[in-house]
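The values are calculated or read from the model by the stated rules, or taken from the named source; none is laboratory data. Predicted, not measured: the structure shown is a model, and the values here were computed from it. Note that each Cβ is placed from the backbone with ideal geometry, even for glycine, and that neighbours are counted across all protein chains shown. Areas reflect the complete protein model, heavy atoms only, side chains present, ligands, DNA and RNA absent. Shrake-Rupley method; radii C 1.70, N 1.55, O 1.52, S 1.80 Å.
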Amino acid sequence: MTSGLWELVLKGVWTTVQLLVFSTLLAIAVSFVVGVARTHRLWIVRFVAGFYTEVFRGTSALVMIFWVFFVLPVAFGWQLVPMWAGTLALGLTYGAYGSEIVRGALNAVDPAQKEGGIALGFTPWQRLRLIVLPQAVPEMIPTFCNLLIELLKGTALVSVMGMGDLTFSANLVRLALQQSAEIYTYILLIYFVIAFVLTRLMRGLEKRLKAGVGKDPGTEWAARELKRAQTTGVGAAGGAGMGGGAA
């Protein structure tokens, strides 16, 4: 291939990486918000979150891209550029899958851990942040890694909008050179390299997060509460009571 065609492919790689980053950020946000909502104590919150999950898991990502890019402007007058249309469609779709990963990991945490947080006087937000998530997040990473690779491959769907991603650029090069085998072999290798790098990064993140598992996530908070209780006289009163009993 000529340098000009390689430049076209490299621009497609950059577009694919951008789309992957944006849609991943949206998918992660959706995953945690909806996944936590699936475990909420109010049934209406669980129902709405479950309805969202079922709708977006049960629809095609390709059709969702068509709907966002072609139907949304007609129905509501909102015309999105291909990058944001692809980000919205992929982020919402894969976020629905991710929400089930989050829900499963949260429910897998030992209930005794949550009861310990209640005994320490933690609010529901503190129990989630200090006890549940530090134990649940490391268990999500391997499954999230698989979902991230699926999202990488799903970015190829945006080529139907004429967006200059890696797949779209490869098709233009194929038309220019009339060499399908060579071009698509290169593209397969590029996708594999990106996926391999993502896998190694996710494994490193998993090891780093699991290194902190086993520590008491509420130790610092409990220590502060104990110190506060002692300074307000609770500890002194308890000590006086014990001294009187010994006498």
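A few comments on the model shown:
- Extreme residue, nearest to Phe22 (Cα to Cα), among residues of the range 36-55 that are among the charged types (D, E, K, R) and not in a loop (DSSP other than H, G, I, E, B): Glu54
- Every residue from the range 39-55 that is surrounded by fewer than 20 Cβ atoms within 10 Å (Cβ to Cβ) and either within 16 Å of Phe144 (Cβ to Cβ) or β-branched (Val, Ile, Thr) (or both): Thr39, Ile44, Val45, Val48, Val55
- Criterion violated by Met161 - all others in (1) modelled with pLDDT under 90; (2) among the hydrophobic types (A, V, I, L, M, F, W, C); (3) surrounded by fewer than 20 Cβ atoms within 10 Å (Cβ to Cβ) satisfied: (3)
Conditions tested, residue by residue: (1) modelled with pLDDT under 85; (2) open to solvent by 50 Å² or more (accessible area, probe 1.4 Å).
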residue: Leu172; (1), (2): no, yes
residue: Phe192; (1), (2): no, yes
residue: Thr199; (1), (2): no, no
residue: Gly204; (1), (2): no, no
residue: Ala240; (1), (2): yes, yes
residue: Gly243; (1), (2): yes, no
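- Scanning the range 1-26 for residues that are in contact (Cβ under 8 Å) with a residue 24 or more places away in the chain and outside any helix (DSSP H, G or I) returns a single hit, Met1.
- Within the range 1-38, the set of residues being hydroxyl-bearing (Ser, Thr, Tyr), farther than 23 Å from Pro82 by Cβ and crowded, with 18+ Cβ neighbours inside 10 Å comprises just one member, Ser31.
- Among the residues here, Ser99 qualifies as small (Gly, Ala, Ser) and in contact with a Gly (Cβ under 6 Å, 6 or more places away or on another chain).
- Qualifying residue in the range 27-49 (condition: under 19 Å from Asp165 (Cβ atoms), under 15 Å from the mean Cα position of the chain (by Cα) and touching a residue at least 40 places away in the same chain (Cβ under 8 Å)): yes
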